[in-house]
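The block underneath contains the structure these notes are about, expressed in structure tokens.
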Amino acid sequence: QVRLVESGGGLVQAGGSLRLSCAASGRTFSSYAMGWFRQAPGKEREFVSAISYSGGTSNYADSVKGRFTISRDNAKNTLYLQINNLKPEDTAVYYCVGYLRSILPVTEPRYWGQGTQVTVSS
């Protein structure tokens, strides 16, 4: 059973930074692409970023390019999302996702975490 557990969310002022983590278990983490989605209040879930199995390639939503950095530590079975220069519009629940593919591009995630709340105050 694949399990994804996010952590690192919280309340932060605009301009601040956070690092989200996702601990994965239940399958060979290093073999699959991973990613992040988010859902803001009253909005649909949206893609944020994805990373290949090795960490060699990644992609981002236009709205977060230059501020968000996705990375992974395959030795620790952990996915990260470094978020800098946070904006109030980044307020959302952030979800860690797992794909069935190993390389990018990816389409629909197969596995979802329970989410971690990020709230940015202005």
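The values are calculated or read from the model by the stated rules, or taken from the named source; none is laboratory data. Remember, it's a predicted structure, so these values are computed and weren't measured experimentally. For neighbour counting, all protein chains shown are included, and Cβ atoms are generated from backbone atoms with ideal geometry for every residue, glycine included. Note: accessible area is taken over every heavy atom of the protein model, side chains too, but ligands, DNA and RNA are not part of it. Shrake-Rupley method; radii C 1.70, N 1.55, O 1.52, S 1.80 Å.
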### Task
Considering only region 99-111, state which residues are touching a residue at least 24 places away in the same chain (Cβ under 8 Å) and either out of contact with any Gly (no Cβ under 8 Å at 6 or more places or on another chain) or at positive phi (or both).
Leu100, Arg101, Ser102, Ile103, Leu104, Pro105
### Query
Assuming Gln13 fulfils every condition listed in (1) surrounded by fewer than 13 Cβ atoms within 10 Å (Cβ to Cβ); (2) under 20 Å from Val2 (Cβ atoms) apart from one, which condition is it?
(2)
### Query
Across region 69-81, what is the number of residues that are open to solvent by 40 Å² or more (accessible area, probe 1.4 Å), touching a Phe, Trp or Tyr at 6+ places or on another chain (Cβ under 7 Å) and in a strand (DSSP E or B)?
1
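Ser49 - would you say it is more than 22 Å from Gln1 (Cβ to Cβ), within 12 Å of the chain's Cα centre (by Cα) and either open to solvent by less than 30 Å² (accessible area, probe 1.4 Å) or in contact (Cβ under 8 Å) with a residue 24 or more places away in the chain (or both)? Steps first, answer last, please.
Values: more than 22 Å from Gln1 (Cβ to Cβ): yes; within 12 Å of the chain's Cα centre (by Cα): yes; either open to solvent by less than 30 Å² (accessible area, probe 1.4 Å) or in contact (Cβ under 8 Å) with a residue 24 or more places away in the chain (or both): yes.
Here the answer is yes, as Ser49 does meet what is asked.
Anything in region 25-35 that is exposed (fewer than 14 other Cβ atoms within 10 Å of the Cβ) and either touching a helix residue (DSSP H, G or I) at 6+ places or on another chain (Cβ under 6 Å) or not in a strand (DSSP E or B) (or both)? List them, or say none.
Gly26, Thr28, Ser31
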### Task
Just give me the residues in region 91-117 being within 26 Å of Gly42 (Cβ to Cβ) and part of a loop (DSSP other than H, G, I, E, B), in sequence order.
Thr91, Thr107, Glu108, Pro109, Gly113, Gln114, Gly115
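So that you can scan it fast, the table gives a plain yes or no per residue for (1) assigned to a loop (DSSP other than H, G, I, E, B); (2) touching a Leu at 6+ places or on another chain (Cβ under 6 Å); (3) at pLDDT below 95; (4) crowded, with 17+ Cβ neighbours inside 10 Å:
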position: Gln1; (1), (2), (3), (4): yes, no, yes, no
position: Leu4; (1), (2), (3), (4): no, no, no, yes
position: Cys22; (1), (2), (3), (4): no, yes, no, yes
position: Phe37; (1), (2), (3), (4): no, no, no, yes
